[in-house]
Structures are given as structure tokens and as C-alpha cells.
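Some notes on the structure that comes next.
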Amino acid sequence: MAKRLISIDDFIARIRSFEQGIITRDGVLDFCDSVQVSDSSLEPYVFFDQKFYTRNMIYRDDLFEVMTICWQPGQKTAVHTHNGQLCWMIPQRGNLGVVDYKWLGCDHPENQNVVGIDCLAGSDHTKLEVVREIEACAGGTVLTADKLQTIHRLYNFDEPAVSIHIYSRPIDSCVAFDMEKQHCYRRQLAYFSKLGIVEPKPEPAPAHVSNLVTIAAR
Ligand SMILES: [Fe+2]
């Protein structure tokens with residue numbers, strides 16, 4: 001079935017309508033699969049950076065967060081969790097790769113006994129196994145992460161790419177994995193832009209403060 005072309009404003013209005021009932025992965029997925037967001041309406045939220053992929057907030061309330069992620073060739077996320085979120089990804093431009101992982105164990109599983117987030121993290125012996133690797137192409141299938149499949153990595157191997165991400169509920173941190181060291185850690189999430197305006201870059205710590213941190217860490 002042909003997808004219906006709509007603006008990002010209309011898209012968000014429809015997403016917000018899900019807040020009237022119980023939000024399910026498949027309910028939002030059916031809607032996302034049925035529409036194509038117009039490039040022109042999305043343009044104010046498209047920013048590329050040479051160093052990192054950019055997270056550009058378009059809408060956020062207590063239940064939903066909608067953003068674009070803009071990817072230069074070769075840019076990728078860390079392997080990460082979603083803290084029990086439901087996530088939908090619409091490939092808008094270009095092609096992305098997605099690798100899904102399964103958690104096999106670690107030396108601090110008790111750190112998962114925490115309220116509000118999925119894990120305190122901090123293990124140095126995390127074992128993950130690749131479940132599958134798929135490609136997401138513009139105009140193609142909408143991909144999801146959910147409570148059963150929560151660990152993945154996204155990467156752009158091709159031309160500059162743009163994807164639309166819907167998250168419920170919004171989160172400000174996740175667990176990320178250093179695959180070489182088998183280490184996991186809590187990672188703060190930040191926006192490159194909000195509502196079309198680039199965020200100021202965080203100030204680097206003054207030299208005397210970073211010296212103190214270095215000394216304290218020894
Ligand atoms: Fe993700």
C-alpha cells in the first residue's frame with residue numbers, strides 16, 4: 001500500500017493522539033508504516049556534524065520524544081540499551097545498518113535491580129551475542145526496539161542519512177557497551193539541536209579542574 005505523505009507537524013499530532021489510550025509497539029508501528037514524512041517539513045531539524053551523528057529534538061512530552069538523527073558516512077552509535085523504552089525508527093534518507101544483540105550475562109547482574117532505569121551498569125565482563133544484522137532503507141520498513149529486543153547498534157555505511165526516531169517514554173541516559181573491554185557504563189544523552197535551534201556546546205572543564213579529577217582518579 002502506498003504511504004501517505006504528511007508534514008512532521010501532522011505526524012506529531014497523530015503520535016500525540018496515541019497518548020489517549022495504551023501505547024503499544026504495534027499500534028504506533030502500523031501508523032508509522034502508513035505514512036511518509038515530507039522532506040521539506042523536516043528540513044529545519046536536519047543538521048550534520050563531521051565528528052558525531054546528531055540528535056535533533058522535534059517534540060518531547062512525558063510520554064513521547066520525536067527526533068531526527070543525521071548521520072555522515074561511517075558514523076555509528078555505541079552498542080546500547082533503551083531502558084525499557086519502545087522505539088520506532090523511520091529511515092527518511094539514505095541507508096542504515098542495525099545490529100541487534102542479546103545479553104548473555106555479566107559479573108554484576110544484581111545491578112539490574114533498580115527502579116526507573118534498566119541497569120546501574122559497571123560490569124567489566126559483559127557477554128553479548130549478535131542476534132541479527134539488517135539494513136534499513138529510506139521508504140522501507142519501520143524498525144523497532146522493544147522490551148524483548150532492547151540492545152543494538154546503528155551505523156551509516158553509505159551516503160549521508162537521516163532517520164526519524166520516536167521513543168516512549170523519553171530517556172536521558174542509557175547503558176552503553178565497550179565491546180573490546182566487555183565493559184558497560186551509563187551514558188548521558190544530549191541533543192545537537194532542539195526545535196530547530198542548535199544547542200550551545202558544553203564548555204570544556206578548566207585545566208585546574210581536570211587536573212584535580214586526574215589526581216583524584218589515581
Ligand atoms: Fe537505539
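Residues in the stretch 1-27 that are assigned to a helix (DSSP H, G or I) and not small (Gly, Ala, Ser): 13 in all.
In a residue-by-residue description of the stretch 162-176, the property of being in contact with a Gly (Cβ under 9 Å, 6 or more places away or on another chain), within 15 Å of the ligand (Cβ to nearest atom) and in a strand (DSSP E or B) applies to at least one position. Step by step: first the residues of the stretch 177-193, then only those that are of a type outside the set (A, V, I, L, M) and touching a Leu at 6+ places or on another chain (Cβ under 8 Å), then the one that is nearest to the ligand (Cβ to nearest atom). Which residue is that? Among those residues, the one meeting the criterion is Phe177. Considering every residue within the stretch 120-127, establish whether at least one is of a type in the set (A, V, I, L, M, F, W, C) and closer than 27 Å to Cys32 by Cβ. No - not one qualifying residue is present in the stretch 120-127.
The listed residues are Tyr53, Tyr101, and the only one of them that is of a type in the set (Phe, Trp, Tyr), within 16 Å of the ligand (Cβ to nearest atom), over 14 Å from the mean Cα position of the chain (by Cα) and buried (at least 19 other Cβ atoms within 10 Å of the Cβ) turns out to be Tyr101.
The rows are residues; the columns are (1) charged (D, E, K, R); (2) free of Cβ contacts under 8 Å to residues at least 40 places away in the same chain; (3) surrounded by fewer than 16 Cβ atoms within 10 Å (Cβ to Cβ).
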| residue | (1), (2), (3) |
| --- | --- |
| Ala2 | no, yes, yes |
| Asp26 | yes, yes, yes |
| Val37 | no, no, no |
| Glu43 | yes, yes, yes |
| Asp49 | yes, no, yes |
| Cys70 | no, no, no |
| Gln75 | no, no, no |
| Ala78 | no, no, yes |
| Leu86 | no, no, no |
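Consider the stretch 143-161 and keep the residues that are in contact (Cβ under 8 Å) with a residue 12 or more places away in the chain, away from the ligand (no atom under 14 Å from the Cβ) and surrounded by fewer than 20 Cβ atoms within 10 Å (Cβ to Cβ). The one that is nearest to Ile15 (Cα to Cα) is Pro160.
Only the coordinates and a few stated rules stand behind these numbers; no lab work does. Predicted model, so just to flag it, every value in this text is computed and none were measured. Note that we place each Cβ from the backbone using ideal geometry, even for glycine, and neighbour counts take in every protein chain shown.
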